[in-house]
Amino acid sequence: MPRRRTVLTALTAAVLAGVAPAGTAAAAPGDAAVPPPEKVPRAVGTGGAVATVDPDATRVGLEVLAAGGNAADAAVAAAAALGVTEPYSAGVGGGGFFVYHDAATGEVSTIDGRETAPQAMGAGAFLGEDGEPLPFEEAVTSGLSVGTPGTPLTWQRALDEFGTLSLAETLQGATELAEEGFVVDETFRQQTAENEERFRRFAPSTELFLPGGALPEVGSVFRNPDLAGTYELLAAKGVEALYSGELGEEVVRTAQEPPLADGAEPVRAGLLEESDLAAYGAPLREPTRVDFRGMEVYGMAPPSSGGSTVGEALNVLEGADLAALPEVDVLHAYLEASALAFADRNAYVGDPAYTQVPLAELLSDAFAAERACLVDPDRAAPKPVPAGVPDGGYGPCPAPAAPPGDGGAEGPSTTHLTVADAEGNVAAYTLTIEQTGGSGITVPDRGFLLNNELTDFTFAPADPTRPEPNLPAPGKRPRSSMAPTIVLQDGEPLLALGSPGGATIITTVLQTLVNRLDRGADLADAVAAPRASQRNSATADAEPAFLDAYGTELTARGHAFAPIDEIGAATGVEFLPDGRLLAAAETVRRGGGSAGVVHPGDG
């Protein structure tokens, strides 16, 4: 349908809740340390809502909403801002998945912006000369790991399909932010320190992220004029600058010939060609859908495993009255359902253009009932559990089969944003460059890192006698765990959420949904609750607060846990019964998140 076009206007910060005003970070070099903008994890009000991990990105999104843009416009604007302030998690050099509820039509749509493998990449691309898988870190920090970026075309597709603004208009806020800079916080400094050794291998990464040869100081202002120039190029020439123009030439050259620092050890060259960029598409795909407790839960279909795995686990859980059970019983059921769904994810989910994914069966109630019969309410099953057989013929619990592979490695980085506007349009958008810091390779003079998404492929089959749905192939999209999710009730939006965290994205979204929909927790409390992540492994990851609260009782039931500092960094938005919006972000994880509304109200 035709979309209204508006011109973005300047705003005062007074209309925005819980976010810093524009220009906070614009201190001159040598000035005293500047306090980072305050992060507010919960905001309630009207006029639209944005939740991200970063106050500057949330502010940029809210400014677009307050100026008349809709949820799609604000999501693109906030994502571009995250490319400035969260460059180790997302940006022009990466990809992602965009889930959108259109209030005018009532439909939920998705955009697949996942990176693709070069046409020159075969099944053995990540095997050494001895036929064994390459060391993971060697594969990550290389041109070989770089897939065709999907983020710019995702932005353009979202605006074309759902938005009211041009790409140039939505990039204004992020361009200004890159020019003026943002205040370095402890999280940014820590992530830089964790990547320092890798960044020092590449001259442009050292120059950009280690100014003066040192880690950026907390309270200093980090500017990225090269990225501002890249955004200006995209604003002027459109995404064709990447897919068939000068920016694409630079990306290909950087992947093929990584710009090493003097004296650095060589890294593997990439296979990306200009023809791979020219052939790239960001297709609309049918979302996954399951009905849960009378609500419609929509997610991302393959090549993401997020929608199918979250959906299957919800179907397994629906047979139990979780609202009536003690909390430990609910958590036991959640962990068991997650393990079952991950077993099926690893066995069956890959790029549907290359693998016959039995998606309808994986999301069927009958298959879920067969899988649920394996859940003992009193005892955890030994892990890994076997995959089911989603063949349409279901009955009593089947005989155990061989356990599937572990699904390969996925980086813990990525970022997620959630946006809703006053009309009921909703965007849940997860975007990434894979590892924290991606490949470690910055495109010279362009201000962004290239992704390492191709290491999401399974390097070699765990069992050569069984099909492996996630091996590399020319043009193939690696399996993802990104799980942007929108929940409708009676056809109207109720909430939306998502998270970063590699394969733990799925369990973070699932556990938050259980907390909110079954346990009745406030969305902000559901996001803040301590987490555990069971991905069909002998041990489940668990945060210290989770172990303190539930570890003893769950261990007595046969669960085994591996402590981990934190899992995920979720954001979400909920439509409250009184017509207001609740925006929710993390209180502590990843330094805390930033929730805001256009017109704040009590709550």
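The values are calculated or read from the model by the stated rules, or taken from the named source; none is laboratory data. Please read these numbers as outputs of a predicted model, since none were measured by experiment. Methodologically, a virtual Cβ is constructed for each residue, glycine included, from the backbone with ideal geometry; neighbour enumeration extends over all protein chains shown. Accessible surface is based on the protein model in full, side chains and every heavy atom, while ligands, DNA and RNA are left aside. Shrake-Rupley method; radii C 1.70, N 1.55, O 1.52, S 1.80 Å.
Structure data summary
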| quantity | calculated |
| --- | --- |
| Test: residue in region 551-561 that is open to solvent by 50 Å² or more (accessible area, probe 1.4 Å), touching a residue at least 12 places away in the same chain (Cβ under 8 Å) and not in a helix (DSSP H, G or I) | no |
| Restricting region 419-436 to residues that are touching a strand residue (DSSP E or B) at 6+ places or on another chain (Cβ under 7 Å) and not in a strand (DSSP E or B), the residue that is surrounded by the most Cβ atoms within 10 Å (Cβ to Cβ) | ILE433 |
| Of residues in region 575-595 being in a strand (DSSP E or B) and within 20 Å of LEU494 (Cβ to Cβ), the one most open to solvent (accessible area, probe 1.4 Å) | PHE575 |
| Qualifying positions in region 282-337 - under 24 Å from TYR348 (Cα atoms), in a helix (DSSP H, G or I) and not small (Gly, Ala, Ser) | THR309, VAL310, GLU312, LEU314, ASN315, VAL316, LEU317, GLU318, TYR334, LEU335, GLU336 |
| Whichever residue in region 523-541 is more than 24 Å from ARG371 (Cα to Cα) and touching a residue at least 12 places away in the same chain (Cβ under 8 Å) and, among such residues, is nearest to the chain's Cα centre (by Cα) | VAL527 |
| Per-region count, region 216-231, residues free of Cβ contacts under 8 Å to residues at least 60 places away in the same chain and either open to solvent by 40 Å² or more (accessible area, probe 1.4 Å) or in a helix (DSSP H, G or I) (or both) | 1 |
| Filter result for PRO87 (under 16 Å from the mean Cα position of the chain (by Cα) and buried (at least 24 other Cβ atoms within 10 Å of the Cβ)) | yes |
| Within region 542-558, considering residues that are within 25 Å of GLY591 (Cβ to Cβ) and hydrophobic (A, V, I, L, M, F, W, C), the one nearest to the chain's Cα centre (by Cα) | ALA542 |
| Filter result (out of contact with any Leu (no Cβ under 9 Å at 6 or more places or on another chain) and surrounded by fewer than 24 Cβ atoms within 10 Å (Cβ to Cβ)) within region 292-321 | GLY294, GLU318, GLY319, ALA320, ASP321 |
| Residues (farther than 30 Å from ARG285 by Cα and among the β-branched types (Val, Ile, Thr)) located in region 352-395 | VAL375, VAL385 |
| Qualifying positions in region 521-550 - assigned to a loop (DSSP other than H, G, I, E, B) and either at pLDDT below 95 or within 21 Å of GLY593 (Cα to Cα) (or both) | ALA521, ASP522, ALA529, PRO530, ARG531, GLU543 |
| Filtered residue count, region 373-396, keeping only those that are outside any loop (DSSP other than H, G, I, E, B) and either more than 15 Å from ALA337 (Cβ to Cβ) or of a type in the set (Lys, Arg) (or both) | 1 |
| Those residues of region 250-268 which are part of a loop (DSSP other than H, G, I, E, B) and surrounded by 14 or more Cβ atoms within 10 Å (Cβ to Cβ), in sequence order | PRO258, PRO259, ALA261, ALA264, VAL267, ARG268 |
| Tally, over region 338-353, of residues that are in a loop (DSSP other than H, G, I, E, B) and of a type in the set (Asp, Glu) | 1 |
| Conditions (1) open to solvent by less than 10 Å² (accessible area, probe 1.4 Å); (2) within 30 Å of GLY143 (Cβ to Cβ); number of the one not met by ASP54 | (1) |
| Any hit, region 134-141, residues being closer than 30 Å to THR418 by Cα, outside any loop (DSSP other than H, G, I, E, B) and of a type outside the set (Ser, Thr, Tyr) | yes |
